[in-house]
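In what follows, a single structure is set out as C-alpha cells and then discussed.
The values are calculated or read from the model by the stated rules, or taken from the named source; none is laboratory data. This one's a predicted model, so the numbers in the text were calculated from it and none came from an experiment. Because the Cβ atoms are built from the backbone with ideal geometry, glycine has one as well, and the counts that use them run over all protein chains shown.
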Amino acid sequence: MRRNRRVKKNSRFTSGATGIASLIVSSFIMLMIYWSLDARCTSIMREIGKAENTMKVLDAEHGREMARWNGMKTPERLDEKILRFGLAMGVPRADQVVRMMSNGRPAPGQIAVARAQAKKPMENMALAIPSKPRRSSRR
Amino acid sequence: MTGANERLRFYGPATLLIAAAIGVGVRLVFLHLDLVTSKPPVPRYEFVRNTQGCRGTIFSANDDALAQTKTVWEYHVDPMVAAIDPDNPKKQITAAKRREKMQTVAEVLQIPLLRVMDAYANTRSRFVYLATSDDDGIHAVLSNPKRRLNELSITEKQVRVYPQGRRLSHVLGFVSKDPTNSVGGAGIELKYERWLKGTPGTVRGTKMATGGEVRMRRAIDVDAKPGNDVYLTIDENIQYEVEKALSAGMASNRAERAWALVLSVKTGAVLAMVTLPGYDPAQFNKVDAAVRINRTISESYEPGSVMKTITACAVLNEGVAGPDTMIGTARNDPNYYRLPGDGSHKWEDRMSVREALVHSSNIVFGKLGVDLGPRRLWTYMTSMGLGRKTGIELPGEETGIIPNWSSWDKVKWSRAPIGQGVAVTALQLANAYAAIGNDGELLRPYIVRKVVDSEGVVLYDHKGKEVVGHPIRPETARKVREMMLGVAKRGGTARRAAVRGYSVAGKTGTAQMKEGRGYSQTNYNASFIGIVPATRPEIVILVTYQKPAYCRSFKLSQETGIPLYNHQGGVCAAPTFSRIASSVLRYLEIEPDIPEEIDPELYEDAPEGENG
C-alpha cells in the first residue's frame with residue numbers, strides 16, 4: 001500500500017529563508033561587534049587626549065615649581081635667612097675645613113689634619129683634634 | 001498564488017536589509033581604509049594647532065638655573081559679561097552680587113579692590129587686564145565653574161624668569177616680551193638665541209561633529225621641542241660676593257659706575273662678571289640703554305698705571321732691564337722727549353724697576369718705554385691680548401684702541417707704557433694679568449662651558465683651556481709677579497689690597513678720563529688688578545670704579561667725609577679687591593700661602609720653609 005506522504009508545499013522556500021535569516025543575524029552580530037570596537041576606540045582616543053592634557057599641565061606645574069625653588073635658594077635669600085636667625089656664619093678658610101669620610105676618618109691629604117698631626121702625633125687612626133698651641137717661653 | 005505572496009513578503013525586506021548591510025559594510029571599509037577620494041567641500045572638521053617649544057634654561061657653574069621659562073596665567077575680565085546675572089542670563093546682575101564677585105576676585109588675586117572695580121567698570125573694552133599669577137591655587141579657585149565667574153578669561157602664557165633678579169643682568173641679557181615669539185635682546189640670551197629657542201610643533205587633525213578629535217585621523221603630529229640648555233662658568237655665589245663688595249664700594253666712593261671680573265688663571269673661565277648699576281632683566285624696557293651695557297667687555301678706557309705691569313713684562317722679557325736695574329728719576333732728562341710727570345712725589349735720584357712698579361713712577365716707566373721702543377712695546381701689548389677681541393661668548397665686545405706703533409708720535413712713546421693714549425677693555429686687562437699668573441701662557445677667556453639638548457645630549461663642551469700664545473717666558477712672569485708683591489705691602493700704592501694669609505701680586509691704576517681734546521682733572525677711572533695667591537696663582541680679580549668722588553684736600557675730606565685721594569686706585573679700588581679676594585679664596589678653598597699671618601702661634605716652631 002502506498003503511504004501517503006505529506007509533502008510541504010514550501011519546503012524549498014523554508015530552507016532559503018533559514019539561510020537568509022542566518023545572514024541577517026550574522027550581519028547584526030557583526031554590526032554589534034563593530035559598534036563595540038568603535039566605542040572602545042573612541043574611549044581610548046579620549047583617554048589619550050586627557051593624558052596629553054595632563055602631561056601638559058604637569059610639565060607647566062613642574063616648570064613653575066622649579067622657578068619657585070630656584071628663586072628661594074639664591075645667595076641673597078640664604079644670607080637673609082642666616083642673618084635673620086643671628087647665625088653670623090661665614091665661609092671657612094681652606095685650612096679650617098676638615099672633610100670626613102663615611103668610615104669616620106678624615107679624608108687624606110688635608111692640610112688642617114696634617115698640621116694637627118705635626119703638632120701632636122696620632123695614637124690611633126681617629127681624627128686627632130689639635131691641642132691648643134703652647135705659648136713660647138721666649139717672649 | 002499565496003505561496004508567491006509569502007515569498008515576496010519575505011524575500012523583499014530581506015533583500016533590502018542585506019543590501020543595506022552590504023552598503024554600510026562597504027562604506028565602513030572605504031572610510032577606515034581612507035579610500036574616499038572626494039574631500040568635503042568645506043573642511044570644517046579639520047583643525048591645525050601650533051604649539052610653542054619652551055625656551056632653554058641658562059645654568060650657572062653649580063647647575064642652578066639663572067634664566068628659565070615658566071607658564072603663568074593672565075586674568076582678564078569682560079565687563080559686559082560681568083553685568084549679566086550668571087543664574088539668569090536675561091537679567092542684569094544685582095549690585096550686591098557684583099560687589100561680592102569683585103571682592104572674591106580681589107581677595108583671590110591679592111590685588112586692590114579698587115583696581116578690580118575699575119576693570120569691571122571699564123565698558124570701553126571687553127578684555128580688561130586684571131593680574132598675572134603663577135599660583136596653582138589661585139587658578140584652581142578662579143577656574144572653578146561653581147564660582148560662576150563667567151566674566152573672567154584665563155589665558156596661559158610663557159614668561160622668562162630670572163631667579164637671581166638683577167644679578168647677572170649684563171651677562172644673561174633679556175628676551176622680548178612677545179609670548180608667541182620671544183627673542184633674545186642682549187647677553188647670552190642674544191648670543192645663544194639659536195640654541196635656546198625652542199622648535200614649534202604642529203598638530204593637524206580631524207574633529208568629530210561633537211567636537212572631540214578623531215585621534216587616528218591625525219595627519220601631522222610633530223611635538224614641540226624645548227630649546228637647548230646653556231651652562232655657564234659663572235658661579236652665582238662668587239658673583240653675589242663680588243656684587244655685594246662692589247655695591248658697597250660704589251656707595252662709599254660715590255662712583256658713577258663700577259665693574260669687576262674674576263677669572264680663573266689656570267683655565268680662563270670667567271667666575272664672575274659684574275657691572276653696576278645693574279637692572280632687572282624682566283624690566284629691561286624701563287631702563288636707559290646706557291645702563292644695559294656690559295662695561296667689562298663693551299667699555300674701552302685708558303687703563304692708566306695698570307699698563308706698567310705689561311711694560312715691565314716687555315722690558316724684562318727683552319732684557320732691556322732687570323728688576324733691580326737702577327733708572328734715573330729726573331723728568332728733565334735730555335735723552336728723553338717730554339717725559340710724563342710724577343705729580344708731587346719726590347723720589348731719590350735713582351730707583352730700581354721693582355721700586356718704580358711698587359711706587360708707580362711715570363717717569364721711570366716712560367723712560368723704560370722709550371728704551372724698549374714703540375715697536376716692541378706694541379708687539380707685547382697686542383700679543384698679550386690688548387687691543388684685540390678675546391672672543392668671549394657675549395655680544396658687543398669692543399676691540400679697544402692700540403694704534404699701530406708706526407703711527408705713534410714721540411710723546412706717545414713715553415705715554416703708552418703708562419697706559420695713556422691707548423684704550424683697552426677690562427676683560428683684556430684681566431686676561432693679560434692672568435697670563436702673567438699662568439707663567440706666560442695666554443688663554444682665551446670663556447663663559448659658556450657646555451650646551452645640552454632637552455634629551456641630555458651634549459651639543460657643545462668647552463673641555464678645558466684654550467691656549468692663545470706664550471707672549472712672555474715663564475721666568476719673566478715669575479719675576480714680574482715677585483715685583484708686584486710690593487704693591488700691596490707697606491710702601492706700595494695699595495696696602496689696602498692686602499689679604500691676610502695670602503700673597504697678592506697687584507697693580508693700581510688711576511687714569512684720567514678723556515674730556516674734549518684733553519683730560520679731565522676730576523674724573524678718573526680708579527682700578528686695581530691682582531693675582532692671588534701670588535706664589536701659586538689661582539684667580540685674577542679686577543676692580544674698576546668710574547668717576548669716584550674726587551677729593552684732594554684734607555679740609556674737603558673732613559667736610560664731606562670722602563676719603564682723601566679717593567679717586568686713586570689704591571684708596572678706592574684696592575679695599576674692594578681685598579674684600580672680594582678674601583671671600584672668593586675661602587669659597588674656592590684655596591689654601592693660604594702665608595698661613596703664619598693667620599695663626600702665628602701655630603707656626604711658631606714650624607721648620608723654616610714648611611709654609612713657603
Task: Output for the stretch A:89-111, where each listed residue is away from chain B (no Cβ under 13 Å) and either under 16 Å from B:Y587 (Cα atoms) or not in a strand (DSSP E or B) (or both) - done: A:M101, A:S102, A:N103, A:G104, A:R105, A:P108
Task: Filter result for B:N253 (under 18 Å from the mean Cα position of the chain (by Cα), in contact (Cβ under 8 Å) with a residue 12 or more places away in the chain and more than 14 Å from every other protein chain (Cβ to nearest Cβ)) - done: no
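Listed here are the residues, each with its yes/no results for (1) buried (at least 21 other Cβ atoms within 10 Å of the Cβ); (2) out of contact with any Leu (no Cβ under 7 Å at 6 or more places or on another chain); (3) in contact (Cβ under 8 Å) with a residue 24 or more places away in the chain; (4) hydroxyl-bearing (S, T, Y).
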residue: B:N150; (1), (2), (3), (4): no, yes, yes, no
residue: B:E156; (1), (2), (3), (4): no, yes, yes, no
residue: B:G173; (1), (2), (3), (4): yes, no, yes, no
residue: B:G184; (1), (2), (3), (4): yes, no, no, no
residue: B:L190; (1), (2), (3), (4): no, yes, yes, no
residue: B:K207; (1), (2), (3), (4): no, yes, yes, no
Task: Considering residues of the stretch B:192-204 that are among the charged types (D, E, K, R) and closer than 16 Å to B:K177 by Cα only, the residue surrounded by the most Cβ atoms within 10 Å (Cβ to Cβ) - done: B:K197
Open item on the list: I need a count of the residues in the stretch B:90-121 that are at negative phi and not in a helix (DSSP H, G or I).
Closed with: 7
TODO: Answer yes or no: is there a residue in the stretch B:157-166 that is touching a Gly at 6+ places or on another chain (Cβ under 8 Å) and not aliphatic (A, V, I, L, M).
DONE: yes
- [ ] Within the stretch B:478-498, track down each residue that is in a helix (DSSP H, G or I) and among the basic types (K, R).
- [x] B:R478, B:K479, B:R481, B:R495, B:R496
Task: Filter pass, B:S143 being without any contact (Cβ under 8 Å) to a residue 40 or more places away in the chain and more than 22 Å from the chain's Cα centre (by Cα) - done: yes
Task: In the stretch B:119-140, the residues that are in contact (Cβ under 8 Å) with a residue 40 or more places away in the chain, among the charged types (D, E, K, R) and farther than 20 Å from B:V81 by Cβ - done: B:D134
- [ ] Of all residues in the stretch A:64-88, count the ones that are acidic (D, E), more than 7 Å from chain B (Cβ to nearest Cβ) and under 16 Å from B:I238 (Cα atoms).
- [x] 1
TODO: Could you check how many residues of the stretch B:499-519 are hydroxyl-bearing (S, T, Y) and either farther than 26 Å from B:L377 by Cβ or part of a helix (DSSP H, G or I) (or both)?
DONE: 2
TODO: Filter the stretch B:122-136 down to residues that are modelled with pLDDT under 90 and surrounded by fewer than 13 Cβ atoms within 10 Å (Cβ to Cβ) and give me whichever is nearest to the chain's Cα centre (by Cα).
DONE: B:R124
TODO: Looking only at the stretch B:70-78, decide whether some residue is in a loop (DSSP other than H, G, I, E, B) and over 30 Å from B:P226 (Cβ atoms).
DONE: yes
Task: Matching residues, the stretch B:184-235, being among the basic types (K, R), in a loop (DSSP other than H, G, I, E, B) and within 14 Å of another protein chain (Cβ to nearest Cβ) - done: B:R218
Open item on the list: Can you find, within the stretch B:251-279, the residue that is farthest from B:G456 (Cα to Cα) among those that are among the hydrophobic types (A, V, I, L, M, F, W, C) and touching a Lys or Arg at 6+ places or on another chain (Cβ under 8 Å)?
Closed with: B:A255
TODO: Keeping to the stretch B:3-21, report how many residues are at the interface with chain A (Cβ under 9 Å from one of its Cβ atoms) and more than 25 Å from B:V214 (Cβ to Cβ).
DONE: 9
